[in-house]
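The structure under discussion appears below in the form of structure tokens.
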């Protein structure tokens, strides 16, 4: 029995040590990719949040000439696959004289596409705030901008936060798509490393683990924020 | 002070106000009574521009109220409203609720606004609840905060939209008491209510609405004791003797 166990261990141990040895070798390269992934995600998230808020405010506006074109734009962008949006910005924009680096194109593409999802999330949150709140704000003479800032948005945040966290994680994962326009973020680094070492197992396991290292803490953080806001009443 | 001149209002094909004529003088307390769907609340909401009307004219001290015009916000700073469901801002304390209008709409000095808001909460008997959030207050307390919030705008008139309908019977009294005190201080008040006793004791005149028309109007005591119109008599009988 002990002999068998020993043999089993002997067979397994080198594999595990191999993995760790290779992993420490690959990690610095992959961490460079992680850094780019994080940067693209953060920049795109800022862009998507700012634009999304603009879309939501325009769409909930009482002025139809603002609301209708915004709806069309949002539906238009949402109807195109993210990959195609990225190709379009990276390959078509230069033809009309807009030259962007792969990183810029990727960030803008991600941000724009996700602004449309976020815009709809924000709009749903804004519309979910009790109509009585809007009336109360109007009844003390608030105009729309002030009412949004002081009354509606602070209450909408709580409703928006769970789907917003969801969107954040989707955006982080979607950032892997910018590898197709040659941005060397985590997925791209992994692909290059795998094709030069043929060690697919170690490389892509590491890539997956590194994505989890980003998404799991993000999830936990958002849950903390949610419960904090929930407790604030 | 508030004048209704042949006011018509429809929701789609359904006409809810069919030519309202009335005049509310400064310092008067006027109660609007009538069955559900008679147009009382709609009429009230037209006064501060929460609803638009299609025909006729509502004016406050000569200024026409037009919900579609940009000046409608200015009207709201002169005429405050108290709602059936209180509509306090849940993310702000009682004090902050009262301070919100003067601070951000009238842009008054923060310290002065705070002092005045404290005084107003004291006046409605809630000096000890300044830092409480609406969720921790009873219905009656919330409605008193809402009245303080309305008063904070230094309005020329206050509109009350069934202010006691959503309250526990036990807390109705404390809200009516605050309203009575306001009436005693000659605040102009337009009150949609089912509290017939309050209407009789506190208001100067009563408008009875049914089916979008004013069926009868007159001094409160007279109209409520000796209604002339059959429909008014029927309504009052049902309200005062429900069983």
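Coordinate-derived values only; no laboratory data. Because the structure is a prediction, the values reported are computed rather than measured. With ideal geometry, Cβ positions are generated from the backbone for all residues, glycine too; neighbour counts draw on all protein chains shown.
Summary table
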| read-out | value |
| --- | --- |
| Residues satisfying the stated conditions in the stretch B:78-97, i.e. crowded, with 24+ Cβ neighbours inside 10 Å and over 27 Å from residue B:59 (Cα atoms) | B:88, B:94, B:97 |
| One residue from B:171, B:188, B:164 being in contact with a strand residue (DSSP E or B) (Cβ under 9 Å, 6 or more places away or on another chain) and within 30 Å of residue B:125 (Cα to Cα) | B:188 |
| Among residues of the stretch B:99-110, those that are more than 8 Å from chain A (Cβ to nearest Cβ) and outside any loop (DSSP other than H, G, I, E, B), counted | 4 |
| Strands (runs of 3 or more DSSP E) wholly inside the stretch B:25-98 containing at least 3 residues that are within 14 Å of chain A (Cβ to nearest Cβ) and on the phi < 0 side of the Ramachandran plot | B:79-82 |
| Wholly within the stretch A:120-195, helices (runs of 4 or more DSSP H) carrying at least 1 residues that are at the interface with chain B (Cβ under 9 Å from one of its Cβ atoms), in contact (Cβ under 8 Å) with a residue 24 or more places away in the chain and in contact with a helix residue (DSSP H, G or I) (Cβ under 9 Å, 6 or more places away or on another chain) | A:153-174 |
| Matching option when the condition is away from chain B (no Cβ under 13 Å) and not in a helix (DSSP H, G or I), among A:57, A:100 | A:100 |
